[in-house]
Each structure stands twice: as C-alpha cells, then as structure tokens.
1. Name every residue in region 117-132 that is touching a residue at least 24 places away in the same chain (Cβ under 8 Å) and either in contact with a Leu (Cβ under 7 Å, 6 or more places away or on another chain) or surrounded by fewer than 18 Cβ atoms within 10 Å (Cβ to Cβ) (or both), in order of residue number.
2. When both residues are 6+ apart or on different chains and their Cβ atoms are under 8 Å apart, which pairs have a first residue that lies in region 82-104 and is farther than 17 Å from GLN16 by Cα and modelled with pLDDT under 95, and a second that is in a helix (DSSP H, G or I) and basic (Lys, Arg)?
3. Just for region 96-112: of the residues that are of a type outside the set (D, E, K, R) and touching a Gly at 6+ places or on another chain (Cβ under 6 Å), which one is surrounded by the fewest Cβ atoms within 10 Å (Cβ to Cβ)?
4. Only one of VAL99, VAL108 is in a loop (DSSP other than H, G, I, E, B), among the aliphatic types (A, V, I, L, M) and assigned by TED's automatic domain parsing to the domain that holds GLN37; which?
5. Would you mind telling me which numbered condition in (1) over 19 Å from PHE15 (Cβ atoms); (2) exposed (fewer than 13 other Cβ atoms within 10 Å of the Cβ) LEU54 fails?
6. Surrounded by fewer than 16 Cβ atoms within 10 Å (Cβ to Cβ) and among the hydroxyl-bearing types (Ser, Thr, Tyr): is that true of SER184 in this structure?
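The values are calculated or read from the model by the stated rules, or taken from the named source; none is laboratory data. All values reported here derive from a predicted model rather than from experimental measurement. Cβ atoms come from the backbone with ideal geometry, glycine included; neighbour counts cover every protein chain shown.
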Amino acid sequence: MISEPWLSAYIDGSFQNLHSDVPHGPYSFVYSLTPWQKRSFSGGETLIAKPKLLRYFSELNPNTSHEEKDLFKRVPPKFNQLTLFDPRYPHGVARVNGVENLLGARLVIHGWFTEPRPMIEGGLSPKKAGPSLDKLALHLLKQFEMLPYSGLFTARFKVNGNGTISQATVLASHLIGPQGDLISKRRVNQTLCTLDEIQFPKASTPSEITLPLMIGL
C-alpha cells in the first residue's frame, strides 16, 4: 500500500528543512519528474542523514572534523528515478536556486509505503496458509523482540509441496538499534535458521511467501 501521493514543485528559494516522518510508514519514496540533465538551477538534492550521524558521539574521534558530505547523503532527483529510504532518518531538500518556471523546477511525486502485508504465490492459498503464516510471523517477532532493534524486516520463504520451508532470504531490512546501529546480516540469518518447527499444509506445487514484519514501530 502507498499513501496518497503529493506532487511538489521547488522553484527559486524553495527548500525543505530537516525532519523525520514517524509514523507515516516504513519507507518514504520520492519519484522524480525533474529534467535533471537540462536543469538551470542549483540545489534540489534530497538530503538523508547517514547512519554515522546517528552514532556520532559513540564513534566521535576528537582529531577528526566532519563536513555536511560526511554526515548527509545527497541524492539528485534524476528524471524517472525512484528513491526509497527509512523515514526515521533526518532528511530534507537542499535549497533550489535559479529557476522560476515550474516546467524547469525540481518536480517530484512523494509519499510513503504503508501497511505492509504478506504475499503468497504458488500452490498454497492465503486461507490454507493462514494459520502457519501466523505461527511463522509470531515466531520471528518473538526472536527479534529479544533484540533492541526496531524497523521493518521483510523475508521471502520458499515452501516445498510437502509444507517444509526449504529456503529463507532477507529481501529488505532497516532494523536499527538504540545507538543507531543496523542489525548485522549474520544475526538476521541466525534468526531465519530457527524455522524447523514451522510446517505449512501440503500443496500440489511449491509456494513462495513474502512476509514483512513491523518491529517496534
């Protein structure tokens, strides 16, 4: 699901102050309609805080200074480009200078992905897979709740015709700890290796299940 999209045009003097979007959705999106290669203005990049900014004092080196480029990522809004990011990170838009015509402005459609839900493809029907899917989701939630992380975690599970899980793959994760640290892939994979007790109903053909989980949000 996505929120109702917004259409924004940034002309000379337009900008967006740094902010975070909570709890709008697990991902923000910016889809650019900006004629970037032919632009007559400066600025207009999407500014997104780098993880090191959230860990600033825990990693502070008294002998090293930092510039904006060290703490923020600048993403140019190139035409037909879709940018996704965790909206909990401070973000904004660099000031646009030098354009008054809306046709040449920084033009973007933006909003949020919301209400992530499971997807099932293959022999299993949602109704048939439902009880086992609930058990799988509850198992993973309990595993992750033992860790001090919050965010969205999405995995894809391949289920054999006999109902056993043959493969589990992380598709996306922005689980963040209290110090701004991202959960390691190794720790996630360890959690996915504890699924032996999960059994789905038998089906005539294998299935793929994509399961998103909102943890601590």
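1. Hits for region 117-132 are ARG117, PRO118, MET119, GLU121, GLY122, LYS128.
2. GLY104/LYS38
3. ASN97
4. VAL99 is the lone residue from the list that is in a loop (DSSP other than H, G, I, E, B), among the aliphatic types (A, V, I, L, M) and assigned by TED's automatic domain parsing to the domain that holds GLN37.
5. (2)
6. yes
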